[in-house]
Amino acid sequence: MPSPQQSSVPKVRISPRGATRLKSGHVWVYRSDVLNSDDIPPGSLVAVSDQRGKFLGTALYSSSSQIAIRLISHQPVKDFPALIRERIANAIAYRKDLVRDTDAYRVIFSEADLLPGLIVDCYNDILSVQILTQAMDANPVRESVISSLTEHLHPASIVERVEPRVRDLESLPPRSSGLLQGDKTATTFTMNAVQFHFEALEGQKTGAFLDQRENYAAAAAYAKGDALDVFCYQGAFALHLAPRCSQVTGVDSSRPALEVAEQNAALNHREIEWIEANAFDLLKDYSSSSHLYDTIVLDPPAFAKSSRDLDSALRGYKELNLRALKMLRPGGILVTCSCSYHVSQTSFLEMLADAAVDAHRTVRVIEVRGQAKDHPVLLNVPETAYLKCVIASVSN
Ligand code: SAH
């Protein structure tokens, strides 16, 4: 039963299906499983109970998202800002134990750090914050987040990156990206001894693809000869491959990303060829004109944004992988990634197996990898595991 201290917190009852989901260790309950939602203030802390009134835990409520309930504790919560401070301290301690060879890493990863709707990335001395839910957007919550981060990490500045689409889905008023504290918006960061420029208020996501950090180092360990980094963005794979390869080319359709890639190459004293092109067209051309490589990286954007896109996403992945397999010299290395949660590791490997058959290649899987450890996977919340990175040796 709720404790007396929590009697002021609105109560939400959920259906047996919602209750079963929470009892299985998941933290989300969908709107269709919420039995009473009248008069619950957007973004409030709520006491969740089953249909019979048995207390199941404390959650953050969204009046707008399909995910109406995000559980934050199995206990009553008396002081939410204090809980946030404790969770932030825990998230930082977890990274201190696990994150190596970088001053850029994800400090807080939403549900995976029991802080649903909050993402914080560290780039050397700048922190980049994303707020994705009504509850995390409340002013007292923002204040606890900023003061805890400052206390533990002493950043030169903190910026907020706003995704207008997310605020819209959460029925939050529009807000622009900008500085929350300090005035520094540019820095350099170093991962695996490779240096990168960082502009806090430009670029995709919060700046770099930190989830691939350990995969860059893994790919570099096998890379050789002529290398092609397809969907290279600001050149992270290419720059990691360069010390091991005789020649490296990066391909992306975004000119601004390639401009930063070129600056990153200069920062690291590397010569890399950057090509602005549609990767599908370029691979089609190159595979039919027998361009050959010893190492190819494929790291496309998420093709499956929802489960409805699964078939077309798998066709897209297969086309890319088929062409890359044909373009590898015997003994060549394929590094192939998918960041679509909806494409499971099993379907991704099946897609690759089909592509290998069609390309008449023998593929030996060297490593099947996921996201870097600072993007933790919560075992009972499968949605927290999304990145696949397969490293394979390809022969005729
Ligand atoms: N490998 C990069 C991340 C890639 S993100 C890294 O580790 O940093 C996906 C990239 O694909 C983006 O840079 C985007 O500009 C690019 N992209 C999207 N569609 C494309 C297409 N059809 N052809 C080429 N590049 C594309």
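Inspect the range 187-200 for any residue being modelled with pLDDT under 95, more than 13 Å from the ligand (Cβ to nearest atom), not aromatic (Phe, Trp, Tyr) and not in a helix (DSSP H, G or I) and give the result as yes or no.
Yes, the conditions are met somewhere in the range 187-200.
Which of the residues that make up the range 54-69 are within 11 Å of residue 19 (Cα to Cα) and surrounded by fewer than 20 Cβ atoms within 10 Å (Cβ to Cβ)?
Across the range 54-69, the qualifying residues are 54, 55, 57.
Collect the residues in the range 259-314 that are of a type in the set (A, V, I, L, M), assigned to a helix (DSSP H, G or I) and either within 12 Å of the ligand (Cβ to nearest atom) or in contact (Cβ under 8 Å) with a residue 40 or more places away in the chain (or both), keeping them in residue-number order.
Result: 260, 261, 267, 279, 282, 283.
Name the residues in the range 271-301 that are out of contact with any strand residue (DSSP E or B) (no Cβ under 9 Å at 6 or more places or on another chain) and among the charged types (D, E, K, R), would you?
Once the filter is applied, which keeps residues that are out of contact with any strand residue (DSSP E or B) (no Cβ under 9 Å at 6 or more places or on another chain) and among the charged types (D, E, K, R), the range 271-301 yields 281, 284, 285.
Let's see how each residue does on (1) β-branched (Val, Ile, Thr); (2) in contact (Cβ under 8 Å) with a residue 24 or more places away in the chain; (3) within 24 Å of residue 109 (Cβ to Cβ):
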site	(1), (2), (3)
26	no, yes, yes
35	no, no, no
58	yes, yes, yes
65	no, yes, yes
70	no, yes, yes
81	no, yes, yes
84	yes, yes, yes
88	yes, yes, yes
94	no, yes, yes
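What about residue 135, is it in contact with a helix residue (DSSP H, G or I) (Cβ under 7 Å, 6 or more places away or on another chain), without any contact (Cβ under 8 Å) to a residue 40 or more places away in the chain and assigned to a helix (DSSP H, G or I)?
no
Is it the case, given these coordinates, that residue 208 is part of a loop (DSSP other than H, G, I, E, B) and either within 8 Å of the ligand (Cβ to nearest atom) or of a type outside the set (Ser, Thr, Tyr) (or both)?
Answer is yes for this residue.
Quick one: in the range 301-330, which of the residues that are buried (at least 21 other Cβ atoms within 10 Å of the Cβ) and among the small types (Gly, Ala, Ser) is nearest to residue 348 (Cα to Cα)?
Residue satisfying both the conditions and the ranking: 313.
From 70, 95, which residue is modelled with pLDDT of 95 or more, within 19 Å of residue 378 (Cβ to Cβ) and in contact with a Pro (Cβ under 6 Å, 6 or more places away or on another chain)?
Result: 70 is the single residue among 70, 95 that is modelled with pLDDT of 95 or more, within 19 Å of residue 378 (Cβ to Cβ) and in contact with a Pro (Cβ under 6 Å, 6 or more places away or on another chain).
Specify the residue that is surrounded by the most Cβ atoms within 10 Å (Cβ to Cβ); the eligible residues are those in the range 219-257 that are among the aliphatic types (A, V, I, L, M) and near the ligand (Cβ under 9 Å from one of its atoms).
238
Considering each of 21, 13 in turn, give the residue that is at pLDDT 95 or above, crowded, with 18+ Cβ neighbours inside 10 Å and part of a strand (DSSP E or B).
Within the list 21, 13, the selection yields 13.
Assess whether residue 318 counts as being under 26 Å from the mean Cα position of the chain (by Cα), in a loop (DSSP other than H, G, I, E, B) and either among the hydrophobic types (A, V, I, L, M, F, W, C) or more than 9 Å from the ligand (Cβ to nearest atom) (or both).
Taking the combined requirement at face value, the residue does not satisfy it.
Note down all Cβ pairs under 6 Å where the first residue falls in the range 218-235 and is at positive phi, the second is more than 12 Å from the ligand (Cβ to nearest atom), and they're at least six residues apart or on different chains.
Matching pairs, first to second residue: 225/246; 225/294.
Within the range 356-371, is even one residue assigned to a helix (DSSP H, G or I), at pLDDT below 95 and over 24 Å from residue 223 (Cβ atoms)?
The answer is no, given that none of the residues of the range 356-371 is assigned to a helix (DSSP H, G or I), at pLDDT below 95 and over 24 Å from residue 223 (Cβ atoms).
Can you tell me which of (1) in contact with a helix residue (DSSP H, G or I) (Cβ under 7 Å, 6 or more places away or on another chain); (2) in a strand (DSSP E or B) is the one residue 241 doesn't meet?
Answer for residue 241: the failing condition is (2).
Could you list all residues from the range 41-53 that are crowded, with 18+ Cβ neighbours inside 10 Å and not in a strand (DSSP E or B)?
Answer for the range 41-53, where residues must be crowded, with 18+ Cβ neighbours inside 10 Å and not in a strand (DSSP E or B): 43, 44, 50.
The values are calculated or read from the model by the stated rules, or taken from the named source; none is laboratory data. Since the model is a prediction, treat every value here as computed from it, not as a measurement. Neighbour counts run over all protein chains shown; Cβ positions are idealised from the backbone, glycine included.
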